[in-house]
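The values are calculated or read from the model by the stated rules, or taken from the named source; none is laboratory data. Here the structure is a predicted model, which means the values were calculated and not measured. Here the Cβ is made from the backbone with ideal geometry for all residues, glycine too, and neighbour counts use every protein chain on show. Surface accessibility is based on the protein's heavy atoms, side chains included, excluding ligands, DNA and RNA. Shrake-Rupley method; radii C 1.70, N 1.55, O 1.52, S 1.80 Å.
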Amino acid sequence: MKVYTLRMVPKKSKGRSIYDRIMAAPVHGRCPLCGIGTVNTLDHYLPKTFFPVYSVAPNNLVPACNWCQGEKSEYYPITRDGQLLHPYFDNVGNEVWLGAEVVVGAPAGFRYFATPPSHWTQSEKARVAVHMKELNLPVLFSSNAGSRLSEIRARLASLHQKGGEAAVRNHLRDELASIEADHNNSWAAAMYRAAVASDWFCNGGFLET
C-alpha cells in the first residue's frame, strides 16, 4: 500500500510514469466504467484496504473518473454475480445491454436500466445490473440525457414544425446509427433508442418544459 501511495501516486515519484501510462490507456481519456467522465485517477478494482497485496498490480488498477471512484468506494464482490464489469477482461460491448425509456413529463426525462439479452447467463445478467447499481449510473446517465435534450430541443422543434413526427423520428434514427457505430451501450445510444421508440416524444413531447 505504501509503494502505491508513496511511490506511484506523487507526481515526482519513481513509479509515476507507470501510473500515468495506465491512466492514459482509455480512448479519448474517457472513464471506461461509465463512458462519460474524464479519467483523473486510478481505482483499485479490488480495494487496497481489503486486498493490499494487489495495491500495485496493474490488472487491479483501473482508470476512472471521480464519479465512478466515489460511487464504487470500497465495494468488492463476494460472489461471481456481484462482480462489476472490468474494462480489461469483460467484453460486453458487442450486444446491447443498456436500455432506457422516455419519462413523460415537463420536461421529458429518461430512465436507465440494464436490459441484457435473454441468452446471456444469469451471472452475466446480474453483473451488468450490479455495475449500474453500484456506480449509480442511472442517475448519471439521466442527467446527461437531460442536458443533451436541452441542446437538441431547438433542432427537433424545427424538424417537427416542417415534417411532424416522421421528420423527428428519422433524424433521431440517423443520429442513433452514428452513435451506435461508436458505442452501442453508451448513455447517448440508449437515450436515442428510447426517443425513437416513443410516439409521445417524437410527436412533440420533447417540447414540453
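Miscellaneous remarks
- Residue within the stretch 181-192 that is in contact with a helix residue (DSSP H, G or I) (Cβ under 9 Å, 6 or more places away or on another chain), open to solvent by 60 Å² or more (accessible area, probe 1.4 Å), at negative phi and in contact (Cβ under 8 Å) with a residue 60 or more places away in the chain present: yes
- Enumeration of residues in the stretch 126-145 that are over 15 Å from the mean Cα position of the chain (by Cα) and either within 20 Å of F206 (Cβ to Cβ) or not in a helix (DSSP H, G or I) (or both): none
- Among residues of the stretch 38-49 that are of a type in the set (F, W, Y), those with a Cβ under 6 angstrom from a residue that is in a strand (DSSP E or B) and modelled with pLDDT of 95 or more, sequence gap 6+ or separate chain, pair up as Y45/V62.
- Of all residue pairs spaced 6 or more apart or on separate chains, those with beta-carbon atoms under 7 Å, a first member in the stretch 111-124 that is at pLDDT 95 or above and a second member that is surrounded by 12 or more Cβ atoms within 10 Å (Cβ to Cβ) and among the hydroxyl-bearing types (S, T, Y) are R111/S142; Y112/S142.
- Qualifying residue in the stretch 165-179 (condition: in a helix (DSSP H, G or I), closer than 30 Å to P77 by Cα and open to solvent by 10 Å² or more (accessible area, probe 1.4 Å)): no
- Within the stretch 105-121, considering residues that are assigned to a loop (DSSP other than H, G, I, E, B) and of a type outside the set (G, A, S), the one most open to solvent (accessible area, probe 1.4 Å): H119
- Filter pass, I152 being out of contact with any Cys (no Cβ under 9 Å at 6 or more places or on another chain) and more than 30 Å from N91 (Cβ to Cβ): yes
- Restricting the search to strands (runs of 3 or more DSSP E) fully inside the stretch 1-103 and requiring at least 1 residues that are open to solvent by less than 50 Å² (accessible area, probe 1.4 Å) and of a type in the set (D, E) gives 41-44.
- Counting the residues of the stretch 180-209 that are more than 28 Å from C31 (Cβ to Cβ), modelled with pLDDT under 95 and part of a loop (DSSP other than H, G, I, E, B) gives 2.
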